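Trainee: Before we start, here is the structure in question, set down as structure tokens.
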Amino acid sequence: MRLFDKSIYTLIVLNLIAMIVQSEPNLDESAYTILGIFEKFSIAVFTVEYLIRTYLAFKNNSRYNLTFFGIIDLIAILPFYLTFLIGFDGRFIRVLRLFRVSRIIKLGKFNKAFELLGKGIHNVRRELYLTFFIAFIMLFFSATGIYYLENPHQPEVYSSIVESFWWAVASLTGVGFEEVYPVTTGGKIFGTVISLIGIGIVAVPTGIISASFVELINDDI
């Protein structure tokens, strides 16, 4: 089984490399053909892997298909089959191909650090729920506040509270996209306060996860 896991690991890495190569605009037609064949081969292997794991889960009365990685395994192969079953709209197919990125998450099944991080997040899930709830409240408050302060002066930028969420996310996370910014005195003061509060909101969940992660590492040593 370990050899099988290593083979799947290698195939995932090769798939990610192939996905990067396939995005090159000046690629030869023959290269596209080879990459297409490799994609079909990979899907076949991933499908067999999923079926084997499903069979073993059924045999051992486990819930593999409902686990995080079980769902990721399904997402990694399902879009390929959906392109044949649902339709041939090119734009739709390109959206489905986005799910190929999920294969990088499959690497986590074979990585101890990823497993420790997952346990660390699970151990502090209640604290994270609380911080994310507070973050959502602050996002809503920020978007609403900037809308009422800036809408009369920039109706095309802050046209609604929903549109103002973009500014709220940028300000609270400290990104500060330059194309959206307040021009009124009240808006600038409000934005400054929100940005300062955002430093703490972003830092709290980071610190919680880091502390849990370090605790798990120390327990393993």
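All of the numbers you see were taken from the coordinates with simple rules; none came from a lab. Here the structure is a predicted model, which means the values were calculated and not measured. Cβ placement follows ideal geometry from the backbone for every residue including glycine, while neighbour counts extend to all protein chains displayed.
Trainee: Please say if the range 125-220 is rounded, prolate or oblate, where rounded means a/c under 1.5 for a ≥ b ≥ c the square roots of the C-alpha gyration tensor eigenvalues, and otherwise the choice is prolate for a/b larger than b/c and oblate otherwise?
Mentor: Values: a/c = 3.36, a/b = 2.73, b/c = 1.23.
It comes out prolate by the Cα gyration axes.
Trainee: Would you please put 179-191, 49-61 in order of how densely packed they are, using the mean number of other Cβ atoms within 10 angstrom per residue and starting with the highest? Intermediate values should be presented prior to the final figure.
Mentor: Details: 179-191: 15.6, 49-61: 12.6.
Answer by packing, highest mean first, reads 179-191, 49-61.
Trainee: Hey, another quick one. Separation between the Asp219 and Glu127 pseudo-spin-labels, each 7 Å from Cα along Cα→Cβ, expressed in nm?
Mentor: Each label point lies 7 Å from its Cα, and together they span 1.3 nm.
Trainee: Run down the aspartates and glutamates and flag those whose C-alpha is under 13 Å from the C-alpha of Lys119, throwing out any fewer than 8 positions away in its chain.
Mentor: Glu215, Asp219, Asp220
Trainee: Go through the range 4-20 residue by residue and turn each phi into a ³J(HN,Hα) via Karplus (6.51, -1.76, 1.60, θ = phi - 60°); whole Hz please, and just put x for glycine and proline.
Mentor: With coefficients 6.51, -1.76 and 1.60, one gets 5, 4, 5, 5, 5, 4, 4, 5, 5, 4, 5, 5, 5, 5, 4, 5, 5 Hz.
Trainee: Also, quick follow-up: Test of understanding: what is the full-extension gain from Lys6 to Phe141, defined as 0.36 nm times their sequence separation minus their Cα-Cα distance? All intermediate terms of the calculation are to be shown ahead of the outcome.
Mentor: On the way: separation 135, 0.36 × 135 = 48.60 nm, distance 4.87 nm.
Stretched fully, the Lys6-Phe141 segment lengthens by 43.7 nm.
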